[in-house]
1. Does Lys100 qualify as being of a type in the set (D, E, K, R) and either modelled with pLDDT of 85 or more or touching a His at 6+ places or on another chain (Cβ under 9 Å) (or both)?
2. Could you give every pair whose Cβ atoms fall below 6 Å, whose first residue belongs to the stretch 50-72 and is among the hydroxyl-bearing types (Ser, Thr, Tyr), and whose second residue is surrounded by 12 or more Cβ atoms within 10 Å (Cβ to Cβ), counting only separations of at least 6 or pairs across chains?
3. So Ala38 ticks every box in (1) free of Cβ contacts under 8 Å to residues at least 40 places away in the same chain; (2) aliphatic (A, V, I, L, M); (3) outside any helix (DSSP H, G or I) but one. Which box is left unticked?
4. I'd like the full set of residues that are hydrophobic (A, V, I, L, M, F, W, C) and either surrounded by fewer than 12 Cβ atoms within 10 Å (Cβ to Cβ) or under 10 Å from Lys70 (Cβ atoms) (or both), limited to the stretch 39-57.
Amino acid sequence: MLINEVITTEGQGYVLNGIEELIVRAKARGMTSIKTPALLAKLQASGYYLEMKSLLRMLNSISAVGSANKQEVKLDSALPTETDPTDDTVSKMASKQLSKKDKKL
């Protein structure tokens, strides 16, 4: 293995974590898309040396990204498949706990 390959593969994990962190923050804010040049600028300002071509390749390997091109990164906003939006288990559990607390008072 060439030294360049070692540096590239080790560095990619570090950069990938930085990209994923920004994606998670954007999703937490309710964003559905990010301008790719803005994302690249944010990463470069954070000290990551990255080019557009490499960024696009990495973005396409992240499951939270629906699609990515040079203009925009669309975030995957789908709910996980194992989540049933009609499931009220948590609501029932919360009601039981509140009932128990009321009985103690």
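1. Working: of a type in the set (D, E, K, R): yes; either modelled with pLDDT of 85 or more or touching a His at 6+ places or on another chain (Cβ under 9 Å) (or both): no.
Judged against the criteria, Lys100 is not a match.
2. What qualifies is Ser67/Lys74.
3. (3)
4. Quick first cut of the stretch 39-57, residues hydrophobic (A, V, I, L, M, F, W, C) only: 39-41, 43, 45, 50, 52, 55-56.
Scanning the stretch 39-57 gives Leu40, Ala41, Ala45, Met52, Leu55, Leu56.
Per-residue answers, yes or no, for (1) touching a Pro at 6+ places or on another chain (Cβ under 7 Å); (2) at pLDDT 75 or above; (3) assigned to a helix (DSSP H, G or I):
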residue	(1), (2), (3)
Lys42	no, yes, yes
Leu50	no, yes, no
Met58	no, yes, yes
Ser63	no, yes, no
Ser67	no, yes, no
Thr86	no, no, no
Met93	no, yes, yes
Lys96	no, yes, yes
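The values are calculated or read from the model by the stated rules, or taken from the named source; none is laboratory data. Because the structure is a prediction, the values reported are computed rather than measured. Glycine gets a Cβ as well: all are built from the backbone with ideal geometry, and neighbour counts include every protein chain shown.
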